[in-house]
4 protein chains.
Amino acid sequence: MPSPTTVSLDTLDAADDETFVAALADIYEHSPWVAEAVAAARPFGTLAALHDAMAAAVRAAGAERQRALLAAHPDLAGKAARAGALTAESTAEQASAGLDRLSDEEFAAFHRLNTAYRDRFGIPFIVCVRRHTKASILRQFERRLANDPTQEHATALDEVIRIAALRLDQRVAAADRLPLAGRLSTHVLDTHGGTPAAGIPLALYELSGDGARRLIVRAVTNRDGRTDQPLIGGRPVPIGLYELVFEVGAYFAGRGVTLADPPFIDQVPIRFAVGEAEGHYHVPLLVTPWSYATYRGS
Amino acid sequence: MPSPTTVSLDTLDAADDETFVAALADIYEHSPWVAEAVAAARPFGTLAALHDAMAAAVRAAGAERQRALLAAHPDLAGKAARAGALTAESTAEQASAGLDRLSDEEFAAFHRLNTAYRDRFGIPFIVCVRRHTKASILRQFERRLANDPTQEHATALDEVIRIAALRLDQRVAAADRLPLAGRLSTHVLDTHGGTPAAGIPLALYELSGDGARRLIVRAVTNRDGRTDQPLIGGRPVPIGLYELVFEVGAYFAGRGVTLADPPFIDQVPIRFAVGEAEGHYHVPLLVTPWSYATYRGS
Amino acid sequence: MPSPTTVSLDTLDAADDETFVAALADIYEHSPWVAEAVAAARPFGTLAALHDAMAAAVRAAGAERQRALLAAHPDLAGKAARAGALTAESTAEQASAGLDRLSDEEFAAFHRLNTAYRDRFGIPFIVCVRRHTKASILRQFERRLANDPTQEHATALDEVIRIAALRLDQRVAAADRLPLAGRLSTHVLDTHGGTPAAGIPLALYELSGDGARRLIVRAVTNRDGRTDQPLIGGRPVPIGLYELVFEVGAYFAGRGVTLADPPFIDQVPIRFAVGEAEGHYHVPLLVTPWSYATYRGS
Amino acid sequence: MPSPTTVSLDTLDAADDETFVAALADIYEHSPWVAEAVAAARPFGTLAALHDAMAAAVRAAGAERQRALLAAHPDLAGKAARAGALTAESTAEQASAGLDRLSDEEFAAFHRLNTAYRDRFGIPFIVCVRRHTKASILRQFERRLANDPTQEHATALDEVIRIAALRLDQRVAAADRLPLAGRLSTHVLDTHGGTPAAGIPLALYELSGDGARRLIVRAVTNRDGRTDQPLIGGRPVPIGLYELVFEVGAYFAGRGVTLADPPFIDQVPIRFAVGEAEGHYHVPLLVTPWSYATYRGS
């Protein structure tokens, strides 16, 4: 769904320089110079061409300019966020991973890591949060603190470009889309009756390291045993740990199957991790009242 | 392991009446008359014969005596329990189902049900708690409140005899054992490597209706992918809901298998219910880094 | 792919009566009167409407005319077939089930059943052979011999209409298709590697009662672990017994997986029956070098 | 079951040298000197000690004596076998792998390989046939023809010692047994009903490279879903390709399960290979009317 500020690529390709730059000024955080650098190369024709040109401009910029671009980013879950002083994009992005709902302990952990990172690398920690859960952001933090500065400068720049790609994909309407979307789907087969299992309620949760779980989506299987929409689709699947919970006891009872009392299998939890945000994850359930199986499908 | 008060059947068969009755006075709660009624029928030779004789004496006793026997039982999770005023047997039994560790809400629920039950049937609610979890006791409570008084009197007597059987089995050492023991076991097969999965840490939890879980036992699989001891054995498997959690990610990493980061399958929870306390429940796991299956085995 | 004699429904709807009847004269065996009976009802607009009208004309015809229609059919695998004296349609239909390649024993069996059927019902045995294998035709024969004459007359008429529907679907090109097509498909998942299994050679065989097998189709799985075309599609799946054989040993060896010598699992045969010719049969294989699973999917 | 010539180790340990040597003269083919060499080392006390002593004597003998021992063996499936001129042991051993029932083509193949082997190594081809099927013997033949003479001399000696171990295990009754026995077993679980599948007829076949199959054993599952005896036990499981065929359709029909007509799953063939003759192969079947799974169990 286009946000109010969506603009078509055709319009951008035809606009004067000022309009073009204004529309894309914050694709790279507080850095309109990136849009300026590519305005003359229009028309782009495809979103991919526009994105590649902007990314190339960033990679071709000198070390100082790149450093300024990195420095322009806010701390993750930092004081600016608490104070409401972020760009609209940054606010929405940090909220997507739950960084706007941290407990005091979590806030303290982020603060400690932010400080350690700035001390070591002289820039804020940047990660494309739409590709991550809170837990995987913390894991990234720990890992990247071990990088050497040159490695880490390159990694931070890669993340900036990933952030820009997602912003561009949301901002600009074009015939093509950037290949940013992963997918998470399921399928329930009733191997007791030899049929898709229709009408199974299910819920997808994100799990945190501390055992907490956050509901992502509820759905009910349709006649083909699938959900009408993918559980996650059209966007990256945040890297992290998930649990799918299927309510199968009522389904079998409703089909008149004689069950144990209480039913041997009732609620089936499947716990799995996503490691590639752009991957396709199909997690089916084959189930009888006495057995089940799951696997990474396709 | 015999408790300090264990006595052999041979000794009981040869003892004078007084000794015999003293040893078995509280097999039926506060009711030495049951032992008295069968003392003359000695020798029994087997535990089964002794138990059958005592149960027959109870069933043959008049309605008044049976009612007195029922009335002699304490409330479940009642004030007497809180005050430490139970027999040693009742104390241990109620603890086995966690009735000595109730939250205030749970205590209030038991109190309400105890009162409703007494109001309706004029006796305390009796259930063989070693065959149940807290959740299934509450379910029994609700169900049995719907019985008519004649039905419920018979049900209560059945439970009293079940309690007596378990007490007898613990108290008296004999060549035979009463058929009271269920079994819960597991087996982990690595279908990626075609071998039993050795060294897999696992934990068995009891789940409550409110989502809380209580650790029952931890174990590690041996060379055959099994645990050295059954997870529950030599006693009833309390009717209720369980979760077995297997730690498989480290196992595969330790075998040098290339895994996703984070591993697609790491911790595997299997949720299942036990409906027959004397049943044999074998709950195996067939697992690869990308798939798993479980079923009620044998 | 339209055969040379295909004609469009638009053409038929616009043609004079004579042309219309000539084009559809043998949709019902040697019975142009059926086309004649519906010519005035044009235009039909859809294939379904044309088929329904013709079927209604057959059902509305008197007993004598229906009996003549039934009698106009050749014996299955009879002398006329051996002598090459069938209509082109009947020849192709009987060949589809292998009735043109009978052993002498099979020919004798058909002859014996044809004679018994004619003696009992006074008409030839009619079955829509494109929906059957040789084995299921023989089974139909035995079952229908047990019908009473009224039942069997109705059954034979149903089969005649099924035959007509398939002929119409092949003869007439229209925007709609009659719902005659079943589908048989497969999918191979490598649950050792967590990926679709690409490049797996497989073969589908039809099994006879006597243990013989006839190759239906060979295929190789594509990048998604599926075959580019369904194994059977766009036509009924003949009722009968099948075996799918997958060559998985070379696949795992090719991925560098250490296998037993010889590999524990190499060739995987899956034997299954089709009972609904218009059904969708999806028969996946989940496989590691040490395990596999299959099920009726969707 | 001891054969008529079985003798106890105690008897052998106590006998005079002549009796001892006579009893074990043909443990090594036509080579009583091996028994002579160890007679003075008695008493052995265990079968393992006796076997180890005899094997050590063989390995310590000079090259000439070893070569004479190897040369004393008959050709596999050779003219001597056809003419009935083998020792009783060799006759029984060759029959165990079906070498007494070769087609003319197979006889010719063995003759050609025997000749090639003798030409290359100057000794007959020796293999412990009780550990092999006909197909795996032919595969061994091809492989070992590629060895260099020193390697192959050692390999042949290893096989001679394996043959001796099996002969000794059959000939001498002792408290211990040599670790020569593999095992092949199965278990059928009905995951539709959550119970072991009792009364399932099954058959084990050995498959040849040319597609032929030879029945090894038939059995019916007992109340626990297992067979009363292992399918192969107490002896090596011949290296080769097998098929287990389970008749499950009648089982589900007998339990009153509504099945497709014909049943989707009726006869289940499981094809697998044995690579370690002393291995334990457990090949279970988890089955519903619509799905099944198998794996190498333990």
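Readers should treat all values here as calculations from the given coordinates under stated rules, not as data from a laboratory. This one's a predicted model, so the numbers in the text were calculated from it and none came from an experiment. We place every Cβ from the backbone using ideal geometry, glycine too, and count neighbours over all the protein chains shown.
What to note about this one:
- Fraction of the pair-distance distribution of the protein assembly as shown above 47 Å, Cα-Cα pairs, percent: 55 percent
- Alpha-carbon Debye profile of the stretch B:7-173, log10 I(q)/I(0) at 0.11, 0.18 Å⁻¹: -0.46, -1.12
- Here the spin labels are modelled as points 7 Å beyond Cα on the Cα-Cβ line, and at B:HIS282 and B:LYS79 they lie 5.1 nm apart.
- Across the stretch A:182-294, the mean sequence separation of Cα contacts (distance under 8 Å, 6 or more residues apart), normalised by length, yields a relative contact order of 35 percent.
- Shortest-first nm distances, B:GLY84 label point to equivalent points in other copies (7 Å, Cα→Cβ): 5.8, 9.2, 10.7
- Isotropic mean projected area of the C-alpha convex hull, the stretch C:7-58 (nm²): 3.0 nm²
- Residues of type lysines that B:LYS134 reaches as a straight line, Cα spacing below 25 Å, ignoring anything fewer than 8 places off in the same chain: B:LYS79
- Paramagnetic reach from B:HIS30 in the stretch B:73-113 [backbone N under 18 Å; point 7 Å along Cα→Cβ]: B:73-94
- Distances between copies at D:ALA72, taken between label points 7 Å from Cα along the C-beta direction, are 8.2, 8.7, 9.3 nm in increasing order.
- Overall, chain C carries a charge dipole of about 560 debye about its Cα centre when +1 sits on the Cβ of Lys and Arg and -1 on the Cβ of Asp and Glu, all other atoms neutral.
- For the stretch D:182-294, size of Cβ-based charge dipole, Lys and Arg +1, Asp and Glu -1, in debye: 180 debye
- Cα-only Debye scattering, chain B: base-10 log of I(q)/I(0) at q = 0.13 Å⁻¹: -0.96
- Helix B:47-60 and the longest principal axis of the C-alpha atoms of chain B enclose an angle of approximately 50°.
- Debye intensity ratio I(q)/I(0), log10, the stretch A:182-294, q values 0.10, 0.20, 0.22 Å⁻¹ (C-alpha model): -0.29, -1.04, -1.20
- Among C:LEU47, C:ALA23, C:VAL34 the positive-end extreme of the charge dipole of the stretch C:16-57 (Cβ point charges): C:LEU47
- Ordering C:GLY122, C:ALA56, C:ALA71 by the projection of their Cα atoms onto the charge dipole of the stretch C:7-173, which places +1 on the Cβ of Lys and Arg and -1 on the Cβ of Asp and Glu, puts C:GLY122 at the extreme positive end.
- Kirkwood Rh, angstrom, the stretch D:116-173 [1 / mean 1/r, Cα pairs]: 12.2 Å
- Residues considered: D:GLY78, D:GLY62, D:GLY122. Largest GNM mean-square fluctuation over chain D, using C-alpha springs under 10 Å, is found at D:GLY62.
- Hydrodynamic radius (Kirkwood) for the stretch D:60-144, which is based on Cα pairs only, to one decimal in Å: 13.3 Å
- For chain D, the longest site-free run once trypsin sites (Lys or Arg not before Pro) in DSSP loop states with at most 16 other Cβ atoms within 10 Å are removed: D:1-100
- Computed E for A:THR46/A:PHE107 - FRET, C-beta separation, R0 45 angstrom, nearest 0.05: 0.60
- Inter-copy label distances for C:THR5: 6.9, 7.8, 9.6 nm (label point placed 7 Å from Cα along Cα→Cβ; shortest first).
- Size of charge dipole - the stretch B:7-173 - debye, nearest 20, with Cβ of Lys, Arg +1 and Asp, Glu -1, no other charges: 600 debye
- Chain C's nearest residue to the axis relating it to D, judged by Cβ and reported with the distance in whole Å, is C:ALA293, 2.
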